[in-house]
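Engineer: Can you keep this structure in mind? I'll have questions shortly.
The values are calculated or read from the model by the stated rules, or taken from the named source; none is laboratory data. Nothing here was measured: the structure is a model prediction, and the numbers come from that model. All Cβ positions, glycine included, derive from the backbone under ideal geometry; neighbour counts span all protein chains shown.
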Amino acid sequence: MMLSSFADDEALMAAVVAGASGYVLKEIRSGDLVVSIRRVASGESLLEPALTKRVIDRLRSGPPEDGQWRGSRSRSAGCSPFSLMG
């Protein structure tokens, strides 16, 4: 699960491609964060509703011109998703 202060598409897509099952913004209330962590730990996927539509739209439009989502090469090279955090 990724806890981020970035709501931009590139950070979100990089987290998903790197294997994150959840992506929430740091603005989340602490109680909601605990619930989110438990949901992801139990096997659910979790994206904040505002971000879900953006991910779906982005996936439907196809990969970037270079054919790679940011972070996808790192994943194939065996890097940890934590290496993508800035």
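Engineer: Which numbered condition in (1) surrounded by fewer than 17 Cβ atoms within 10 Å (Cβ to Cβ); (2) touching a Gly at 6+ places or on another chain (Cβ under 9 Å) is the only one that Ala14 fails?
Structural biologist: Of everything listed in (1) surrounded by fewer than 17 Cβ atoms within 10 Å (Cβ to Cβ); (2) touching a Gly at 6+ places or on another chain (Cβ under 9 Å), Ala14 misses just condition (1).
This table checks each residue for (1) part of a strand (DSSP E or B); (2) modelled with pLDDT of 70 or more; (3) among the hydrophobic types (A, V, I, L, M, F, W, C); (4) in contact with a helix residue (DSSP H, G or I) (Cβ under 8 Å, 6 or more places away or on another chain).
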| site | (1), (2), (3), (4) |
| --- | --- |
| Leu3 | yes, yes, yes, yes |
| Ala7 | no, yes, yes, yes |
| Ala20 | no, yes, yes, yes |
| Ile28 | no, yes, yes, yes |
| Ile37 | no, yes, yes, no |
| Val40 | no, yes, yes, no |
| Arg54 | no, yes, no, yes |
| Trp69 | no, no, yes, yes |
| Cys79 | no, no, yes, no |
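Engineer: Only residues that are at pLDDT 75 or above and assigned to a loop (DSSP other than H, G, I, E, B): list them for the range 56-67, please. I'd like the intermediate steps shown before the answer.
Structural biologist: Pass one, the range 56-67, residues at pLDDT 75 or above: 56-61.
Correct list: Ser61 only.
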